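Working notes for the structure below.
The values are calculated or read from the model by the stated rules, or taken from the named source; none is laboratory data. Because the structure is a prediction, the values reported are computed rather than measured. Every residue, glycine as well, gets a Cβ built from its backbone with ideal geometry; the counts of neighbours run over all protein chains shown.
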Amino acid sequence: MPKTTAAITAIGKYLPEKVLDNATLEKMVETNDEWITTRTGIKERRILDIPGKATAFMATEAVKDLMKKSGLEPLDIDLLLVATATPDMPVVATAAQVATNLGAKNAFAFDLQAACSGFLYGLSVASSYIESGRYKKVVLVGADMMSSIVDYTDRTTCVLFGDGAGAALLEPNSEGLGFVDEYLRSDGVGKDHLGIQAGGSLYPPTEKTIAEKKHYIYQDGRVVFKFAVTNMADAAAEIMSRNGLCHQDVRYLIAHQANKRIIDATAQRMGIGDEKVLMNIGRYGNTTAATIPLLLCDYESQLRKGDNLVFAAFGAGFTWGAAFIKWAYTKQE
Ligand code: UT7
């Protein structure tokens, strides 16, 4: 009997309407379009600005989009995973809210926290459940409302991030398509260079932590950049070498969108040209767990059944890795 693999069979997305462009940021902090564009590749990002709405709302909308496109019914969902670093509430799983919003009464739901690598890690979890035969329809969402943790007076972080959500349906495949291999790693050294210091069990909120702005995201950009370039490129190269893939075999690199220069360095290490590098960072900035599914959505009509895709990500923690996926469908226009 052929081995059952886990394949992405449908995708969906949600992006808030409000656009925050570089010209507007120039009026908020001491920055300029030229710096942001040359250092990051970002031109604009989306901001969720609807009172009472946060990550669960965006995740729900992304799954609704997926359901509309695929015909998936809420009661058919077995498991709903939400990868996010910005849950609606610290203890309640955002995934449980999303499942209830959708009426996915037959699903169990939980969150997964691996920051910018969340969707990649989530693919590993979702695939394992499907390969084991335990569940047949797993919905994986990557969703982040980065505007809720960004200090809009800090130019080193506020130009980088945006809000958004993307969702994927994973199902069993018997043609050898879908998730083939993964190389995932983490290193706790990252907590000193990228994260939110207070608000967790180590430093619960106090007047002092608030006054010191310890509830906003901080980043030592230069250090993170070095780790990101090295580890994402190494992981992508490793996944290619152990699956016998040379640059001609790879159809596209699907990389976490944090910085155009990091993505370019990864592509260079893989030996692939620009035409194989999918990029939308210019329009959305870094949406953390949402970048990879948003990329899949924006380029869905370009993807063909059987395409060899290398996924790669790097994020807070640190967390990083790469995966080899054989795309399972060609979109019917
Ligand atoms: O997604 C999770 C993982 N995160 C990442 O992968 C991000 C990794 N890091 C990066 O992408 C880059 O380090 C940044 C885009 C964050 C920064 O680029 P950089 O080339 O590493 O710049 P830098 O931090 O070394 O700063 C260079 C200069 C500094 O001035 P001095 O010290 O040289 O005088 C900064 O103060 O640029 C200054 N600067 C800015 N100038 C204008 C920092 N932010 C800004 C800004 N506008 N927004």
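General remarks:
- Residues in region 67-89 include none that are in the same structural domain as Ala115 (by TED's automatic domain parsing), under 19 Å from the mean Cα position of the chain (by Cα), in contact (Cβ under 8 Å) with a residue 40 or more places away in the chain and surrounded by fewer than 21 Cβ atoms within 10 Å (Cβ to Cβ).
- Exactly one residue out of Thr4, Thr9 is touching a strand residue (DSSP E or B) at 6+ places or on another chain (Cβ under 7 Å), modelled with pLDDT under 95 and either assigned by TED's automatic domain parsing to the domain that holds Ile217 or farther than 22 Å from Ile217 by Cα (or both), and it is Thr4.
- The listed residues are Lys213, Lys191, and the only one of them that is of a type in the set (D, E, K, R), in the same structural domain as Leu296 (by TED's automatic domain parsing), surrounded by fewer than 21 Cβ atoms within 10 Å (Cβ to Cβ) and more than 16 Å from the ligand (Cβ to nearest atom) turns out to be Lys213.
- Just one residue in the set Glu61, Glu44, Glu34 is acidic (Asp, Glu) and over 18 Å from the mean Cα position of the chain (by Cα); that residue is Glu34.
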